[in-house]
Protein chains: 2
Amino acid sequence: MVASSGFELQVTVPSGSSVKLETETTLLSSVAAWMRCLISNLRSKVSKFARRVWKIGADDPRKVIHCMKVGLALALVSVFYYTRPLYEGVGGTAMWAVMTVVVVFEFTVGGSLYKGLNRATATLCAGALAFGIHWLAIKSGKTTDHIILGASVFVLSSVATFSRFIPAIKTRFDYGITIFILTFNLVAVSGYRVEQLLTLVQWRFCTITIGISICLTVCVVIRPVWAGEELHNLIICNLERLAESIAETVAECLKEEGSTTAECKQKSTSKVQGYKGVLNSKASEDSLANLARWEPSHGRFSFQHPWRQYLKIGAAMRHCAYCIESLNSCISMENQQPPDSVKNHLAVFYTKLSSECSKVLKEIANSFRSMKRSSSVDYLVEEMKNTAEELQTALSSLPQEATAVIMETLPLITVASLLIEISQRVEGVVDEVKGITSLSCFKAADREKLKLQNKAISTMA
Amino acid sequence: MVASSGFELQVTVPSGSSVKLETETTLLSSVAAWMRCLISNLRSKVSKFARRVWKIGADDPRKVIHCMKVGLALALVSVFYYTRPLYEGVGGTAMWAVMTVVVVFEFTVGGSLYKGLNRATATLCAGALAFGIHWLAIKSGKTTDHIILGASVFVLSSVATFSRFIPAIKTRFDYGITIFILTFNLVAVSGYRVEQLLTLVQWRFCTITIGISICLTVCVVIRPVWAGEELHNLIICNLERLAESIAETVAECLKEEGSTTAECKQKSTSKVQGYKGVLNSKASEDSLANLARWEPSHGRFSFQHPWRQYLKIGAAMRHCAYCIESLNSCISMENQQPPDSVKNHLAVFYTKLSSECSKVLKEIANSFRSMKRSSSVDYLVEEMKNTAEELQTALSSLPQEATAVIMETLPLITVASLLIEISQRVEGVVDEVKGITSLSCFKAADREKLKLQNKAISTMA
């Protein structure tokens, strides 16, 4: 029994251990495989993320510079903090300078100015008001001061909060109102215990001013990013996108007709999709225009530059982009095998009209870039209108077979209708741009010669 | 000479004084008139402004309640401040509670939660990190601690600022990063002088937590505004706007054709213009969806409600709205006197198709409102498709006179083409809505009966 159990044991133990070893090795190897998989997964994710982050910096190096600027401004504030024995501990008011730099420093000069001026003004107003109310509360006696302070906190905070719902105030003073409520409450509430209220308000204002000065100096001196210039460039970029989008969409439409829809969709290049950028840029335009008016005169832009007018150009461009969107959907319409004769009859006018629209938009983009009135744009618009009329005439004289198979020619006819509408909307964009370029901040172009040259060329052609 | 001069004087003086008096009275009266004009101007401006402000409150009384809530939360913080002898002066950490309430309190619960959680987490992380680096700096000796602290301020601030440019981080943690930079700098810089760093970090975190608690309690308990519910309602509202816009635009188109364009434009009602609201609601949708995912389960919405999916519906609706915009421009096209026979031939299909589109959109709006899957929508979509096909057939069999005068019928044909496109885009909206309603958070409608009823009615008709 013992021997057999001993034998059994002898047999059992090695076999058990070998099984154990086997399972251990398989477990180990599977854990190792799992770890390897995890690491490679992690590595690929990290490298993907790193590439994305790198791309953000590489696409716009100003973003990297901005980060350095923030670091520098904060380092400057720290130096200021270390070297002044006046400021003791975090209880001291010097921390307001640090806080100001962190909160006020924005990517654009306009953003920093908006926040800085709002912060300084709101602190001053709220401090003075809180000081006045506090003085009144103390004068009124021991019982009523609680009520006066409490009521003033409640009423002023509520009213200030409500004023943020008024759009005109929201766009200009949103940040200022937050700071107003903050400062008023801090001073009114803390004043209950601290006697040196006036000193407190003074110190808070002083340190905030120091913070804002450091912030604005770094922001303006080292590679400044002006919101106004950004807006100006955005408008130019969008004008060019529209120009390319119109021309490419029509080219795509004429080229791809008859081929499969899927292919057509795949081939739609980034140029065709340019109008989508125009559709989505409303938010950027609004915010840039709001920040731009805080900026002083810089480069070619004066302090009173008509930034609000830029939004009108943006709206006109979106109006045009809606139509291009519809035009784009016409390309990908099914069952469009119009007779070749019809296609050939109209194609030449489509190409001509779209290239005229494109030319007009490029011309005003150039005139806008150089901030000079363009003298050739009127001529180009006239050409565009003439081509639109030619297209209408061509439609009236469609060959009989076209009208017979109306369903097959429907997309083509819709394209005509939309193109005519687009040319009218391009005129709308031109009108808005002319409205701005006629203002005193734009110079009249010395292009009479060019105009004559253009005419000469066109008559020769 | 004297007499004469006296006479002269006598004459001169009164006449001079009377002239003076006259000019004085005219000056006085003109000043009075000017003052009256100024006062009446001022009064009209003030009353106009007051009416506008009143309208903001009357249109959405929740805004007024929000303001009261902010006032209440601040009053509560003040009470907390007064009753605790722990907090002395503005140097005390209690002011962080006041500051937290001012900065964190937002209109929606999601907004307050986003800011509150970001603030608390960022304070904790930055505090711990700053404490660690500070400890390291002190250990490293008198000369190197400056360098370590300065370098850490520069590097961490720069890196944190850069991370705000990464869209995924920006949408979720923008505010948190600001607070991270702020807290890190405050603790790292101030720590140079204050010995009780750990106490400082603890206190800051505690008071911020108290501020956030007061803030969230007031925000959630008293008439809460949920970002999720706002988004849900916005989507429903936009679906209904689209539905009305399509039906009314076509009605307007058929009614006004042949009459003057100016009149037509004037008569375009607010219902027709509903699509414009859809075009402009991208920014609201994005921000509401971002805030909604911070909200806990509330009402019919669970914590994991698919808010991001709502944005897809929004995009599909805008896709549809672009086309309605083009359709709208067709109405106001000039030279549209199509032969009556053509108009009558097509009008019935236009009305039918637009009302089918409208019905489909209203049905999914209802299904979305009740958060139940609609069983009749498939049937309605089928109807809509059939009508679109009928319209295509009707176009193929246009009377001969229509194809002969193609220019006059061009707008009518474009309308057909756009209507067919719109019906396809409505289908796109339906697909997106169905994608959401098929998720587990929506219930299957018990509408099989209704479906059968509908079919019975349609077969009878």
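The values are calculated or read from the model by the stated rules, or taken from the named source; none is laboratory data. If you're wondering where the values come from, they're calculated on a predicted model, not measured in any experiment. Neighbour counts run over all protein chains shown; Cβ positions are idealised from the backbone, glycine included. Just so you know, the surface numbers come from the protein's heavy atoms only, side chains and all, with ligands and any DNA or RNA stripped out. Shrake-Rupley method; radii C 1.70, N 1.55, O 1.52, S 1.80 Å.
Within 10 Å, count the other beta carbons around each residue, average over each peptide in A:160-167, B:386-393, and list them highest first.
A:160-167, B:386-393
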Inter-copy distances for B:Arg62, label 7 Å out on the Cα-Cβ vector, sorted ascending, nm, one decimal, are 3.8
Cα-based Debye curve of segment A:62-221 sampled at q = 0.16, 0.20 Å⁻¹ gives log₁₀ I(q)/I(0) of -0.93, -1.21
Note: B vs A interface, total accessible area buried (1.4 Å probe; ligands, DNA, RNA excluded), nearest 100 Å², is 7100 Å²
The percentage of the accessible area of segment B:62-221 (probe 1.4 Å, all protein chains present) made up of carbon and sulfur atoms, to the nearest whole number, is 74 percent
Averaged over the residues of A:50-57, the number of partner chain Cβ atoms within 10 Å of each residue's own Cβ comes to 2
Amide H contacts under 5 Å for B:Phe301, restricted to residues at least 5 apart in sequence or on another chain and with H modeled in the peptide plane, are none
Shielding of B:285-293 by other chains, given as the mean Cβ count within 10 Å, works out to 0
Within 10 Å of the Cβ of an average residue in A:219-230, the count of other chain Cβ atoms is 0
With one decimal in nm and the nearest listed first, the spacings from B:Asp431 to its own position in the other copies, using label points 7 Å along Cα-to-Cβ, are 3.8
Sorting from shortest, the nanometre distances separating the label point of A:Thr26 (7 Å past Cα along the line to Cβ) from those of the same residue in the other copies are 11.6
Once normalised by the length of segment B:62-221, the mean sequence separation of its alpha carbon contacts under 8 Å that are 6 or more apart gives a contact order in percent of 40 percent
Given A:52-65, B:299-312, the highest-first ranking by average Cβ count within 10 Å works out to B:299-312, A:52-65
Descending packing, highest mean Cβ count within 10 Å first, for B:137-150, B:365-378 is B:365-378, B:137-150
Counting only protein heavy atoms and leaving out ligands, DNA and RNA, the solvent-accessible surface of B:Glu229 at a 1.4 Å probe, in Å² to the nearest 10, equals 80 Å²
Rounded to the nearest 10 Å², the accessible area of B:Phe131 using a 1.4 Å probe with every protein chain kept is 70 Å²
Expressed in square angstrom to the nearest 10, the accessible area of A:Met35 with a 1.4 Å probe stands at 90 Å²
Restricting to Cα pairs under 8 Å and 6 or more apart, the percent relative contact order of segment B:293-391 works out to 21 percent
